[in-house]
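Below is one structure; the comments refer to it alone.
The values are calculated or read from the model by the stated rules, or taken from the named source; none is laboratory data. Everything numeric here is computed off the predicted structure, so don't read it as measured data. Please note: Cβ atoms are built from the backbone with ideal geometry, for glycine as well, and neighbour counts cover all protein chains shown. For the accessible areas, the whole protein counts, side chains as well, though only heavy atoms, and no ligand, DNA or RNA atoms are used. Shrake-Rupley method; radii C 1.70, N 1.55, O 1.52, S 1.80 Å.
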Amino acid sequence: VTPAPAGDLTLEEIRDITAGRIVVVGGLPGVFFSPQYTKEHFEGFVRQALSAFPRGRGFVLGVADQVPPDGEFERMCLVRDILENR
């Protein structure tokens, strides 16, 4: 699932529509891995996704589209670090 701004629905709308009945895979628009968005914006969005879908809510965090050619590997590592430290 690709949430807004790349998709049509916010993370919270996706959560409410699926209501734990469907496993949601994705959540991180691939475009956020690009330097076009700040690292702070990216990190905030990752944290928002984890907040919208707490553990046990049927959510598999991942890239919702493709990471663009200018995607930064360090951002993939940042996702790992956030998950390890929560």
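So, residue 72, is that one open to solvent by less than 70 Å² (accessible area, probe 1.4 Å), of a type in the set (D, E, K, R) and farther than 20 Å from residue 8 by Cβ or not?
yes
Could you say whether any residue in the stretch 19-26 is surrounded by fewer than 17 Cβ atoms within 10 Å (Cβ to Cβ), not hydrophobic (A, V, I, L, M, F, W, C) and not in a loop (DSSP other than H, G, I, E, B)?
No, the conditions are met nowhere in the stretch 19-26.
Out of the residues in the stretch 38-59 that are at pLDDT below 95 and more than 13 Å from residue 12 (Cα to Cα), state the one that is farthest from the chain's Cα centre (by Cα).
Once the filter is applied, the top-ranked residue is 56.
So, in the stretch 30-45, exactly how many residues are touching a residue at least 12 places away in the same chain (Cβ under 8 Å) and either under 10 Å from residue 1 (Cβ atoms) or among the aromatic types (Phe, Trp, Tyr) (or both)?
Selection size over the stretch 30-45: 4.
Take the residues in the stretch 62-72 that are out of contact with any helix residue (DSSP H, G or I) (no Cβ under 6 Å at 6 or more places or on another chain) and more than 15 Å from residue 36 (Cα to Cα); name whichever of them is modelled with the lowest pLDDT.
Among those that are out of contact with any helix residue (DSSP H, G or I) (no Cβ under 6 Å at 6 or more places or on another chain) and more than 15 Å from residue 36 (Cα to Cα), it is 64.
What tally of residues in the stretch 1-18 results from selecting those that are assigned to a loop (DSSP other than H, G, I, E, B), open to solvent by less than 50 Å² (accessible area, probe 1.4 Å) and touching a residue at least 40 places away in the same chain (Cβ under 8 Å)? Full working, then the answer.
Narrowing the stretch 1-18 to residues assigned to a loop (DSSP other than H, G, I, E, B): 1-10.
Narrowing further to those that are open to solvent by less than 50 Å² (accessible area, probe 1.4 Å): 2-4, 7.
Right, trim to touching a residue at least 40 places away in the same chain (Cβ under 8 Å) and you get 2-3, 7.
Of the residues in the stretch 1-18, 3 are assigned to a loop (DSSP other than H, G, I, E, B), open to solvent by less than 50 Å² (accessible area, probe 1.4 Å) and touching a residue at least 40 places away in the same chain (Cβ under 8 Å).
Restricting the search to the stretch 27-43, which residues are in a helix (DSSP H, G or I), open to solvent by 10 Å² or more (accessible area, probe 1.4 Å) and in contact with a helix residue (DSSP H, G or I) (Cβ under 8 Å, 6 or more places away or on another chain)?
Passing the criteria: 39, 41, 43.
From the set of residues in the stretch 14-36 that are more than 14 Å from the chain's Cα centre (by Cα) and not aliphatic (A, V, I, L, M), which is nearest to residue 80 (Cα to Cα)?
35
Between residues in the stretch 54-69 that are open to solvent by 50 Å² or more (accessible area, probe 1.4 Å) and residues that are charged (D, E, K, R), which pairs lie under 8 Å by C-beta distance while being six or more apart or on different chains?
Between residues of the stretch 54-69 that are open to solvent by 50 Å² or more (accessible area, probe 1.4 Å) and residues that are charged (D, E, K, R), the close pairs are 57/15.
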